[in-house]
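The structure under discussion appears below in the form of structure tokens.
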Amino acid sequence: MTEATIRSGKILTAGFAALALSGCITSRIEDAREGITGIESGESIVILAKSYHLGNETEGKYISCIEDALSRGSNGLRVIPHKQFVDSLFPWFEPRTAPAETKGLPKLMERPGVAERIAEQNVRYIVWLDGDTDRVAGGGSLSCAAGPGGGGCFGFAWWQNDADYNAAVWDLNGLQSAGSVTADVSGTSFLPALVIPIPLIARARAAACKGLAEQLRNFIVDEPEV
Amino acid sequence: MFMAGCGSNVTLDPVTIPAPLINPMPLSVAVRIPAEFEHYVHEDEVLGREKWRIDLGRSNAALFSQLFEFMFDDVTIIGPDDDPSALSIDALIEPSIDAFEFSVPSQSRTESYAVWIRYRLKIYDNAGDMYANWPLSAYGKSEEFGLTGDEPLKRAAILAMRDAAALMIMNLDKSTAISTLKDRPAATLASGAKEGVASATAQEEEVAQEKIARLPKRRQVTLPPPGPVAGPAVLSMDPDEDASRENFPEGSSND
């Protein structure tokens, strides 16, 4: 057996172990296109969360996850960090002042310095994230005890997390909406315990991040089939 | 941070905001920072267990000083005991805090920390009379993600202050009409200004009397001979009609 075969065997074993130790995930990723997209080299995108003044609760870690996933790899997009973008355009992308619809963009661009700052950073698309991950169900019972001779747990618990996110894509070239991508992921985690608890965790938020980022990249880079 | 029965002390460092993309108002203002605004401390007990002491310190004074320097052409920061009457200014602004509230995850059962601050801006004209009194509510929310200890609460407070800054940039003039204080005659000039108004009124009356004296003569000259074609054209030249048309507010037509 060559070294490469042994290494790939180890990777496969680790993969099966990871699969065996994870919960159950179902996901649905969709996009709705409103216009032709595409991105030139040098053009960049910004990922922002919709305002919490509007009741949105998108987690900071989800925004960072999408930013990382889109910028990673050889075909990664140029992503401007959201804090840098918001600071550079203060106060026009604050939770209170950010435009809620594309029809607010022409007026925004007329404000002193706004169009220039956007052009300096060569921002082509703004992606507005909306949604969050919630625990929607759970059950079972698990009890643990410890004594002088040792300890252990016994029982079974489970819970279900739903990660629903929407990414609205605004094209700053035409100051119009390019469409949206949605991710609807449901993950059920299990925790059986017979002396030692064995967590089988379904990472719904991580799956929603990976799925949405992949679809978003295709949405922005690819032109629609004719 | 959350030790049951223990207290939490949070002290904010002075806040900085990015330079806003705005054109400053051509006003000369003084900003008077009251002592309680510069050293604002909020103490609270969450769910009867956790005692919190939040010291905003100089953060508010620093934020408002920076903000007004961006918003106005000329800004002078004065202390609570300084006399603004010696300054040549269009307006005096005095900020204060009416209320401060916050929530932590143990209360809200979310992963978020939130801060609400209700500010009040009192604006005085250059005679020292109160011109506007504007209460404004600001809100900031932060998660624990990437932050440790009391950092999320500090972050929420900073975001609330930033929210207040954005609100003031957007609405200060709309809500207080502070820009109308530009070059407003000072109190010492008020009597002189009144005299000026009185003499102008007398002159206008004289002119009006002259017009009235001239009107019959002019009408006699311009009165048309009876007939359907010439009549209306000559009547529209009536100087009284023109004067009354000038009094219509702009935009009152449907054009």
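Readers should treat all values here as calculations from the given coordinates under stated rules, not as data from a laboratory. Keep in mind that what you see is a predicted model, and the values were worked out from it rather than measured. Reconstructed Cβ throughout: ideal geometry from the backbone, glycine too, with neighbour counts over all protein chains shown.
For peptide B:153-165, what's the mean number of Cβ atoms from other chains within 10 Å of each residue's Cβ? It would help to have the intermediate numbers written out before the result.
On the way: counts 0, 0, 1, 0, 0, 0, 3, 0, 0, 7, 6, 1, 4.
For this peptide, the per-residue mean of nearby foreign Cβ atoms is 2.
Compactness check for the stretch A:46-163: Cα Rg over 2.2 N^0.38 Å is 1.62. Distance between the C-alpha centers of the stretch B:96-126 and the stretch A:178-218? Whole Å please. Centre-to-centre (Cα) distance: 36 Å.
Expressed to the nearest 5 percent, the antiparallel share of DSSP beta bridges inside the stretch B:7-183 is 70 percent.
Quote the FRET efficiency, to the nearest 0.05, computed for A:Asp31 versus A:Gln121 with a Förster distance R0 of 35 Å and r equal to the Cβ-Cβ distance. Don't skip to the end; give the middle numbers.
Numbers: r = 25 Å, r/R0 = 0.72.
Result of the calculation: an efficiency of 0.90.
For chain A, what D do you get in µm² per second when you plug the Kirkwood radius from alpha-carbon pairs into Stokes-Einstein at 37 °C and 0.692 mPa s? Let's see the in-between values first.
Values: Rh = 20.2 Å.
Using the Kirkwood radius from Cα pairs, D works out to 163 µm²/s.
At an R0 of 41 angstrom, the distance between the Cβ atoms of B:Glu151 and B:Thr180 translates into a FRET efficiency of 0.45.
Of the three principal axes defined by the Cα atoms of the stretch B:101-171, the extents in descending order read 50, 21, 19 Å.
Under a Gaussian network description of chain A, with springs only between Cα atoms under 10 Å, the residue in A:Leu70, A:Leu105, A:Leu216 that fluctuates furthest is A:Leu105. Averaged over peptide A:95-104, the number of partner chain Cβ atoms lying within 10 Å of each residue's Cβ comes to 2.
For the stretch B:33-190, pairs of C-alpha atoms spaced more than 27 angstrom apart make up 32 percent of the total.
How about the stretch A:60-123: which GluC sites (Glu not before Pro) there are in a DSSP loop, with at most 14 other Cβ atoms within 10 Å of their Cβ? Don't skip to the end; give the middle numbers.
Values: sites: A:Glu67, A:Glu101, A:Glu110, A:Glu116, A:Glu120; in loops: A:Glu101.
For GluC sites (Glu not before Pro) across the stretch A:60-123 that sit outside H, G, I, E and B with at most 14 neighbouring Cβ atoms in 10 Å, the list reads A:Glu101.
Mind sorting A:Lys107, B:Lys51, B:Lys154 by how few other Cβ atoms lie within 10 Å of their own Cβ, fewest first? Walk me through the intermediate numbers first.
Working: A:Lys107 10, B:Lys51 14, B:Lys154 21.
Fewest to most other Cβ atoms nearby, the residues stand as A:Lys107, B:Lys51, B:Lys154.
Among the chymotrypsin sites (Phe, Trp or Tyr not before Pro) within the stretch B:122-157, those in coil by DSSP and having at most 14 neighbouring Cβ atoms inside 10 Å are B:Phe145.
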